[in-house]
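Encoded as C-alpha cells, the structure appears first; notes follow it.
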Ligand code: APR
C-alpha cells in the first residue's frame with residue numbers, strides 16, 4: 001500500500017507534509033480550502049485550479065525512484081501479490097510493474113472522460129490542451145474532459161474490489177509513504193490477518209501504527225528511500241536494485 005510519500009524523491013510534492021506538501025502550496029489558486037481542488041462541485045464551478053495543478057503534475061516531467069524500482073524487483077522475483085497505490089503520477093507503470101499487478105485506487109491520468117457525454121479519450125488528447133493552459137473540451141458535445149482520477153465523493157475504480165481477495169491472501173503487508181488519512185483506502189491497512197506482519201516505512205507513525213500497533217508490526221521511520229535501501233540490503237538485493245535503477249534510468253537518459 002503506497003501514497004504520495006514514495007514520489008517525493010521523484011520531485012513530486014506529497015499532500016500533507018507541513019510547508020512542502022501540495023495542500024500548503026495551493027494559495028496561488030483561487031480555492032476555498034485545499035481539498036476543493038479534487039472536489040467535483042468545485043471543479044464544475046471553476047476547473048482552472050485543477051488543470052493548473054494537473055499541468056504541474058504532468059507525468060512526463062517525472063521519473064520513478066528507487067522505491068518504485070524496489071516494487072519492480074519484488075514483482076520480478078514473483079513476490080508481489082499486488083501494489084495498491086493512491087498516487088496518480090503513474091510512476092509505478094513507468095517503473096515496469098504490469099497493470100495486472102496494480103490497483104490505482106485514486107485513478108490515473110492515463111485516460112480522460114467527458115463529464116457530459118462520458119466519451120473516453122486517450123491522455124494525449126487531454127494533455128495538449130492542459131499544457132497549453134486551455135480547458136480540454138469534448139469534440140463530440142463540448143463538455144469539459146476530466147482525467148480519470150478519483151475526486152472526493154466519486155466511486156473508486158472497480159479494480160479496488162480486488163482487495164476483498166488479495167488482503168486475506170497476503171502473508172506480508174508493506175505500507176509506504178502515506179498518512180493513511182483517506183478512506184476507503186486507509187482501512188486496507190487493517191484488512192490482513194493479525195498473524196500477518198505489517199511493515200510501515202514512513203517519516204512518522206500513521207494510522208493504527210500510531211494509535212494501536214499490532215504485535216507483529218514493524219516500523220522503519222525516517223527518510224523513505226534510505227529505509228527502502230536498508231530493506232534491500234537486509235534482503236541482499238542492493239546490487240540488483242542498483243543495476244535495475246541504472247538500467248531503467250539509463251533508458252530515460254538516452
Ligand atoms: N520519507 C518518508 N516519508 C515521507 C517522505 C519521505 N521522503 N515524504 C513524505 N513522506 C510521508 C509523509 O510524512 C506522510 O506521512 O508520506 C506521507 C504522505 O501523506 P499524504 O501527503 O497525506 O499523501 P497520501 O497519504 O498519499 O494522501 C492520500 O489524499 O488528497 C488525497 O487523493 C489524495 O491520494 C491522496 C490521498
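Which of rounded, prolate or oblate describes the range 42-149 when judged by the alpha-carbon gyration tensor and an a/c cut-off of 1.5? Because a/c hits 1.5 or more and a/b exceeds b/c, the range 42-149 counts as prolate. Please find the FRET efficiency linking residue 183 to residue 217, where r is the Cβ-Cβ separation and R0 is fixed at 22 Å, and quote it to the nearest 0.05. The pair residue 183/residue 217 has a calculated efficiency of 0.60. Averaging the Cα positions of each part gives two centres, and for the range 1-61 and the range 176-191 these lie 19 Å apart. Descending by average beta-carbon neighbour count within 10 Å, the peptides 45-53, 102-110, 239-247 line up as 102-110, 45-53, 239-247, the highest first. For the range 169-243, go through all pairs of different Cα atoms, get the mean of 1/r, take its inverse, and jot down that Kirkwood value in Å. Answer for the range 169-243: a Kirkwood hydrodynamic radius of 13.2 Å. Computed from Cα positions, the angle between helix 224-235 and the longest principal axis of the chain comes to roughly 40 degrees.
Return the FRET efficiency for the residue pair residue 19, residue 137: r is the Cβ-Cβ distance, R0 is 41 Å, and the value is rounded to the nearest 0.05.
That pair, residue 19 with residue 137, gives E of 0.70.
Quick one: among 159, 82, 63, which has the greatest mean-square fluctuation in a GNM of the chain with alpha-carbon springs under 10 angstrom? Checking each option, the largest mean-square fluctuation is seen for 159.
Approximating the spin labels as points 7 Å out from Cα along Cα→Cβ, the residue 226-to-residue 61 distance works out to 2.8 nm. Report summary: the helix-based calculation at 222 nm, which adds -39500 (n - 2.57) for every DSSP H run with n ≥ 4 and divides by the residues of the chain, gives -8500 deg cm²/dmol. Which of 101, 28, 146 ends up with the largest GNM mean-square fluctuation for the chain, with Cα atoms connected below 10 Å? Looking only at 101, 28, 146, the largest GNM fluctuation is found for 28. The mean sequence separation of alpha-carbon pairs under 8 Å and at least six residues apart, normalised by the residue count of the range 73-154, gives a relative contact order of 27 percent. Between the helical axis of 238-253 and the longest alpha-carbon principal axis of the chain there is an angle of about 20 degrees. Let me know the shape class of the range 99-254, please: from the alpha-carbon gyration tensor, a ≥ b ≥ c as square roots of the eigenvalues, rounded when a/c is under 1.5, otherwise prolate if a/b is greater than b/c, or oblate. Judged from the Cα gyration tensor, the range 99-254 comes out oblate (a/c at least 1.5, b/c at or above a/b). Summarising the label geometry, the points placed 7 Å from Cα in the beta-carbon direction at residue 154 and residue 247 lie 3.6 nm from one another.
Each reported figure results from applying straightforward, stated rules to the coordinates on display, with no laboratory input. On a predicted model such as this, the values are computed, not experimentally measured, just so you know. Neighbour counts are summed over all protein chains in view; Cβ atoms, including those assigned to glycine, are modelled from backbone coordinates with ideal geometry.
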